[in-house]
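Accompanying notes for the structure given below.
The values are calculated or read from the model by the stated rules, or taken from the named source; none is laboratory data. Values in this document were obtained by computation on a predicted structure and should not be read as measured data. Here the Cβ is made from the backbone with ideal geometry for all residues, glycine too, and neighbour counts use every protein chain on show. Only protein heavy atoms, including side chains, enter the accessible area calculation; ligands, DNA and RNA are left aside. Shrake-Rupley method; radii C 1.70, N 1.55, O 1.52, S 1.80 Å.
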Amino acid sequence: MFITNDLDVVRNFSNRDAVFTNRQLVEQDTAKNIFTKGPNNAYTAYLLSAIPTMSDAEEKIKKKLTAKMI
């Protein structure tokens, strides 16, 4: 088990992710789905939006993934 608020770190070594807020499980999925299909929860979208980007292309992908939630 690894606990962090940094989803960018998690995506590099985790197969399945669980997102908790206020001691409640709000999302559980594979890392691949969260980073390609997008989050199913607003808090997960918030965590994704906090990941720094290095290019305009990465920023567009991040905005597309989080737009439906934020």
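If you filter segment 32-54 down to residues that are more than 8 Å from the chain's Cα centre (by Cα) and aliphatic (A, V, I, L, M), you find that the one that is least open to solvent (accessible area, probe 1.4 Å) is Ile51. Taken together, the residues in segment 1-26 that are modelled with pLDDT of 90 or more, out of contact with any helix residue (DSSP H, G or I) (no Cβ under 9 Å at 6 or more places or on another chain) and among the hydrophobic types (A, V, I, L, M, F, W, C) amount to 2. The set of residues from segment 4-31 being part of a strand (DSSP E or B) and either of a type in the set (Phe, Trp, Tyr) or open to solvent by less than 60 Å² (accessible area, probe 1.4 Å) (or both) comprises Asp17, Ala18, Val19, Phe20, Thr21, Val26, Glu27, Asp29, Thr30. Residues in segment 13-42 that are of a type outside the set (A, V, I, L, M, F, W, C) and more than 20 Å from Met1 (Cα to Cα): Thr36, Lys37, Gly38, Pro39, Asn40, Asn41. Per this entry, Asp29 is not counted among residues that are out of contact with any Pro (no Cβ under 9 Å at 6 or more places or on another chain) and free of Cβ contacts under 8 Å to residues at least 60 places away in the same chain.
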